[in-house]
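First up is the structure itself, then whatever we jot down about it.
The values are calculated or read from the model by the stated rules, or taken from the named source; none is laboratory data. What you are looking at is a predicted structure, and each value in this text was computed from that prediction instead of being measured. Reconstructed Cβ throughout: ideal geometry from the backbone, glycine too, with neighbour counts over all protein chains shown. Each accessible area value is taken on the protein alone, full model and side chains, heavy atoms only, with ligands, DNA and RNA left out. Shrake-Rupley method; radii C 1.70, N 1.55, O 1.52, S 1.80 Å.
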Amino acid sequence: MESCRVGLCYCINTSMLSFKEYIEEEYLEERVLSIGLNPSHEKHRETHRGHIHDMIHHAYKSIGGYGGHASGSKKESEAIHDDISHSVIKAVKRNGKLSSVNLYKKKYGRKSIASATDGTAQGKKDFMKTKLEDHEHKRAWGEVSGKVASIHKKIGTPDIPSKKAGKLLGKKIKPHADGVHYDRKLGDKMHTKKMVGHPKESA
């Protein structure tokens with residue numbers, strides 16, 4: 001097979017790839033996608049839509065479903081797809097597949113609304129790295145509980161007082177005595193949550 005000069009192109013099975021594409025797709029183990037932030041990454045929203053949907057579905061299965069909808073229901077699937085369509089998405093891609101994904105809404109800065117991994121140890125590391133970067137750069141905030149709340153505590157993401165929750169979320173909440181946690185209704189059930197991170201506007 002005839003080879004082209006390095007820096008110009010590579011001939012692979014008679015197809016031509018630019019050197020940049022060759023490096024990104026074949027040799028780099030990790031590639032961070034910034035969908036909704038980097039125009040050149042917008043194509044990945046549809047390319048990985050099905051995978052993102054399935055990752056989020058599985059991540060929220062243990063708590064009954066996503067967005068207050070029953071796990072596996074048509075309404076849950078529609079809610080996930082709607083958020084994929086209208087969110088900023090940070091994802092880590094390894095060997096052609098996503099290992100972790102985070103969805104954000106533009107509200108008081110960048111509000112984290114969903115996150116998931118592929119279930120692997122590497123995926124969990126990639127998830128942790130994204131959350132740590134959000135904290136270190138003070139660029140995001142969100143509502144958390146369970147394992148995700150524990151992760152944020154471990155990396156030092158600050159708690160947001162529950163007295164600010166109502167305005168930040170635009171939802172009715174019932175604060176706990178600790179000034180951090182609160183209860184609010186999701187679907188037909190009450191859930192205990194707290195908020196962490198760095199909202200861009202005071203509330």
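For SER99, what is the net charge nearby, where nearby means another residue's Cβ is under 13 Å from its Cβ and Lys, Arg count +1, Asp, Glu -1?
+4
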Completion exercise
Around HIS51 (Cβ within 13 Å, Cβ-to-Cβ, excluding HIS51; K/R +1, D/E -1) the net charge comes to +2
Problem - Within the accessible area of segment 155-203 (1.4 Å probe), percent carbon and sulfur - result: 49
Exercise for the section: Can you send over the solvent-accessible area of ILE52, 1.4 Å probe, protein chains only, in Å² to the nearest 10? Expected result: 0
Handout entry: Debye, to nearest 20: dipole size of the chain, +1 on Lys, Arg Cβ, -1 on Asp, Glu Cβ
Key = 1180
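Might you tell me the accessible area per residue for the chain, computed with a 1.4 Å probe and given in Å²? Numbers along the way, then the final one.
On the way: 11870 Å² over 203 residues.
The answer is 58 Å² per residue.
So for LYS138, LYS97, LYS90, what's the accessible-area order with a 1.4 Å probe, most first?
Values: LYS138 115, LYS97 140, LYS90 30 Å².
Most to least solvent-accessible, the answer reads LYS97, LYS138, LYS90.
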Problem - Cut-off 14 Å between beta-carbons: net charge of the residues surrounding SER87, Lys and Arg +1, Asp and Glu -1 - result: +4
Handout entry: On Cα atoms only, tilt of 121-136 relative to the major axis of the chain in degrees
Key = 70
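State the percentage of accessible surface on segment 18-132 attributable to carbon and sulfur atoms; use a 1.4 Å probe and exclude ligands, DNA and RNA. Show your work: numbers first, answer last.
On the way: 3100 of 5980 Å².
Its accessible area is 52 percent carbon and sulfur atoms.
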Handout entry: Solvent-accessible area of VAL88 with every protein chain in place, 1.4 Å probe, in Å² to the nearest 10
Key = 10
Exercise for the section: Sort ASP126, ASP188, ASP159, ASP183 by accessible area with a 1.4 Å probe, largest first. Expected result: ASP188, ASP159, ASP183, ASP126
Exercise for the section: Convert each backbone phi in segment 29-40 into a coupling constant with the Karplus relation 6.51 cos²θ - 1.76 cosθ + 1.60 (shift: θ = phi - 60°), then list the ³J(HN,Hα) values in order as whole Hz, x for Gly and Pro. Expected result: 5, 10, 9, 8, 9, 10, 6, x, 10, 10, x, 6
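Relative contact order (percent) for the chain, with alpha-carbon contacts under 8 angstrom and 6 or more residues of separation? Working shown, then result.
Values: 319 pairs, mean separation 30.2, N = 203.
Value for the chain: 15 percent.
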Practice task
Rounded to whole Hz and in sequence order, give me ³J(HN,Hα) for segment 150-156 from the Karplus expression 6.51 cos²θ - 1.76 cosθ + 1.60, θ = phi - 60°, writing x for Gly and Pro.
Solution key: 5, 5, 5, 5, 5, 8, x
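How big is the convex hull of the Cα atoms of the chain, per residue, in Å³?
Details: hull volume 27.6 nm³, N = 203.
In the chain, the Cα convex hull volume per residue is 136 Å³.
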